[in-house]
1. Being of a type in the set (Ser, Thr, Tyr) and part of a strand (DSSP E or B) is the filter here; which residues of the stretch 181-226 pass it?
2. Among the candidates 384, 449, single out the residue that is surrounded by fewer than 16 Cβ atoms within 10 Å (Cβ to Cβ), modelled with pLDDT of 95 or more and more than 32 Å from the chain's Cα centre (by Cα).
3. Which of the strands (runs of 3 or more DSSP E) contained wholly in the stretch 7-58 include at least 1 residues that are buried (at least 20 other Cβ atoms within 10 Å of the Cβ) and β-branched (Val, Ile, Thr)?
4. Restricting the search to the stretch 232-249, which residues are surrounded by 23 or more Cβ atoms within 10 Å (Cβ to Cβ), touching a residue at least 60 places away in the same chain (Cβ under 8 Å) and either within 12 Å of residue 201 (Cα to Cα) or not assigned by TED's automatic domain parsing to the domain that holds residue 155 (or both)?
5. If you check every pair at least six apart or on different chains, which have Cβ atoms under 9 Å apart with a residue in the stretch 205-216 that is under 20 Å from residue 270 (Cβ atoms) first and a residue that is acidic (Asp, Glu) and part of a strand (DSSP E or B) second?
6. Do any strands (runs of 3 or more DSSP E) lying entirely in the stretch 74-161 carry at least 2 residues that are touching an Asp or Glu at 6+ places or on another chain (Cβ under 8 Å), in the same structural domain as residue 219 (by TED's automatic domain parsing) and closer than 27 Å to residue 228 by Cβ, and which ones are they?
7. Could you list, in sequence order, all residues of the stretch 143-186 that are in contact with a strand residue (DSSP E or B) (Cβ under 9 Å, 6 or more places away or on another chain) and farther than 26 Å from residue 254 by Cβ?
8. Pick from the stretch 164-183 the residues that are under 26 Å from the mean Cα position of the chain (by Cα) and surrounded by fewer than 20 Cβ atoms within 10 Å (Cβ to Cβ): which of them is farthest from residue 102 (Cα to Cα)?
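The values are calculated or read from the model by the stated rules, or taken from the named source; none is laboratory data. Computed from a predicted model, the values in this text were never measured in an experiment. No Cβ is skipped: glycine too gets one built from the backbone with ideal geometry, and neighbour counts run over all protein chains shown.
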Amino acid sequence: MKQAFNPYLPSYEYVPDGEPHLFDGRVYVYGSHDLFNGASFCLGDYVCWSAPADNLADWRYEGVIYRRKQDPLGKDGIMNAMYAPDVCRGKDGRYYLYYFIGYKGLISVAVSDTPAGKYEFLDFVRYADGTPIGKKGEPLQFDPGVFDDGGKFYLYTGFGPVNYPAFLLGGHKPSRHGAMCFELCDDMRTVKGDFTYIGVKGKAEGKGTPYEGHEFFEASSMRKFGGKYYFIYSSFRGHELCYAVSDRPDGGFVYGGTLVSIGDVGLGVTEKNARNYLGNTHGSILEIGGQYYVFYHRHTNRHAFSRQACAEKIRFEDGKFLQAEVTSCGLNSGPLEGLGTYEARIACGLYSERGSYFSGVMKKPKGRRPYFTQSGKDREKDPDQYIANFCGGSCALFRYFDLQRATKIAVTVRGVGGGVIVVRTEEGGKPCAILPIPRGKGERTVCADFSAAGVLPLCFSYEGKGRVDFLSFTLSE
């Protein structure tokens with residue numbers, strides 16, 4: 001059986017905001033669709049990937065499941081991007097896809113007979129009088145999450161920025177009181193009554209509460225474990241997924257904690273010394289056979305518009321989730337094998353001598369900072385992602401390997417840099433290999449003796465002048 005890595009989809013695929021669901025023995029991930037080097041968020045049509053529940057390394061491309069032009073609001077242009085969707089199976093056995101398009105303030109729903117589509121536009125979600133939700137002066141409807149509670153269906157929405165100009169929200173107001181909830185009728189397009197706030201506090205009301213510092217911002221998602229309801233959301237800090245807990249699905253939620261931070265903030269590090277470039281993240285939890293996984297996304301290419309799907313095992317004890325550490329082995333059954341060739345793009349930590357930065361909506365200059373990228377344009381084949389601009393003070397972290405047999409390590413690079421790559425099993429620790437990189441332009445591989453044993457991370461740092469593209473490394477006997 002092949003190994004699983006992070007990101008778990010092919011390196012040319014940019015699917016953020018992943019909502020994982022288990023339908024009939026397969027895991028389906030529904031997310032937005034970024035483009036490589038895109039000019040804004042979520043410019044692609046919706047695609048779907050799935051894998052057998054017993055082999056989370058074997059992902060299958062299900063193709064384009066829904067196109068923007070199928071929505072009456074979906075004219076071309078970046079202001080009509082389709083944002084984070086979610087899916088559930090209705091009482092009629094069909095599958096319903098909920099999504100938000102272009103800051104129009106409406107939630108759309110499409111339907112299919114199978115989990116992977118093709119989906120067809122059904123309607124906008126509406127009140128009983130036929131008015132679409134979002135047309136009665138409510139806060140902006142955004143990032144819908146849908147949840148089946150044993151035949152009762154709930155829709156969650158909300159967007160909690162502070163001091164955003166109205167034109168950035170399409171003239172709508174933000175959700176000052178946090179996340180909102182509607183109950184859905186069996187037709188999956190009509191809501192029962194008005195919405196309620198569920199108690200997950202936004203920035204405007206979080207001070208002095210357990211939510212302070214982790215207030216609701218976006219990315220509503222609901223799950224149920226052990227009779228309790230777990231509301232999952234992206235906090236105001238952006239780089240973390242948090243959760244809140246209640247005994248009911250429509251209110252009473254209390255703050256639970258952090259599920260994952262894409263920079264491991266909270267696990268002995270701060271935002272100033274994060275182990276990865278920060279930015280927004282979005283995802284949820286999936287339980288398979290007693291094992292829990294948190295799905296999220298990372299950032300690439302120095303900006304916020306080329307995000308990739310990642311996942312981690314997460315511990316669930318006494319009704320509480322313990323923050324997951326970001327790794328390279330993610331959905332694998334255990335640590336990665338200590339022999340073989342690994343692409344540099346599976347690094348779970350990447351930063352420069354100046355630390356990391358927050359990937360906002362503006363492209364960042366190269367400077368002396370490494371970053372994940374690929375050659376050419378956006379495409380659906382021919383993966384070649386790598387770490388570019390690997391220069392003095394750069395660090396790439398890979399977790400975890402079962403290092404019992406390797407006695408040699410080689411790195412493959414290209415570019416004009418000439419220096420040394422030092423390999424350690426802990427940041428700042430004793431070197432376990434030193435690889436001199438000769439100056440040159442083309443691709444070259446350098447080998448050195450290697451000494452380490454145990455289940456360990458590998459940390460590659462560059463010392464010297466110039467910069468190289470870090471393509472891969474190989475562990476051998």
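1. Those that are of a type in the set (Ser, Thr, Tyr) and part of a strand (DSSP E or B): 190, 196, 197, 220, 221.
2. 449
3. Strands (runs of 3 or more DSSP E) meeting the threshold: 26-30, 46-52.
4. 243
5. Matching pairs, first to second residue: 214/240.
6. 86-89, 95-100, 145-149, 152-157
7. 185, 186
8. Of everything passing the filter in the stretch 164-183, 177 is farthest from residue 102 (Cα to Cα).
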